[in-house]
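Here, each number is a calculation from the coordinates, and none is a lab measurement. Just so you know, these numbers come straight off a predicted model, no measurement behind them. Positions of Cβ are backbone-derived with ideal geometry, glycine not excepted, and every protein chain shown enters the neighbour counts.
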């Protein structure tokens with residue numbers, strides 16, 4: 001099943017599709033949208049941080065302790081910050 005969602009980067013809105021279970025990071029990269037990932041998506045650096053909309057943030061599974069530790073170190077965190085390598089696409093992104 002494919003999940004379709006929006007990515008807004010520098011004021012430009014992109015529509016992205018990815019397979020359920022795929023990481024948000026991999027879906028963004030597959031859509032050729034620039035995103036940093038110094039550890040190549042292995043939950044080791046925190047450079048792939050994104051801001052989720054509140055509705056999606058509340059619906060998806062909570063961050064793990066490992067992700068929370070990295071999120072504590074990212075610049076300019078927001079309450080809805082997540083690491084895109086740690087977030088898996090699911091139907092919770094739809095709607």
- request: Once you have the Cα-Cα distance between residue 40 and residue 17, take 0.36 nm times their residue separation minus that, and quote the gain in nm to one decimal.
  value: 6.3 nm
- prompt: Can you give the convex hull volume of the alpha carbon atoms of the chain per residue, in Å³?
  reply: 97
message: Within a 10 angstrom radius of the beta carbon, how do 60, 33, 28 rank from fewest other beta carbons to most?
response: 33, 60, 28
query: Normalised by the residues of the chain, what does the relative contact order come to in percent, with Cα pairs under 8 Å and at least six apart?
result: 35
task: Give the calculated FRET efficiency between residue 32 and residue 76 to the nearest 0.05, with a Förster radius of 30 Å applied to their Cβ-Cβ distance.
output: 0.75
query: Roughly how many nanometres apart are two label points built 7 Å out from the Cα toward the Cβ at residue 91 and residue 1?
result: 0.4
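Going by how many other beta carbons lie within 10 Å of each one, how would you line up 14, 42, fewest first? Let's see the in-between values first.
Working: 14 13, 42 9.
Going from sparsest to densest Cβ surroundings: 42, 14.
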- prompt: Can you give the calculated 222 nm mean residue ellipticity of the chain, where each DSSP H run of n ≥ 4 adds -39,500 (n - 2.57) and the sum is split over every residue, rounded to the nearest 500 deg cm²/dmol?
  reply: -5000 deg cm²/dmol
message: For a quick check: sort 50, 8, 74, 87 by the number of other beta carbons within 10 angstrom, fewest at the front.
response: 8, 74, 50, 87
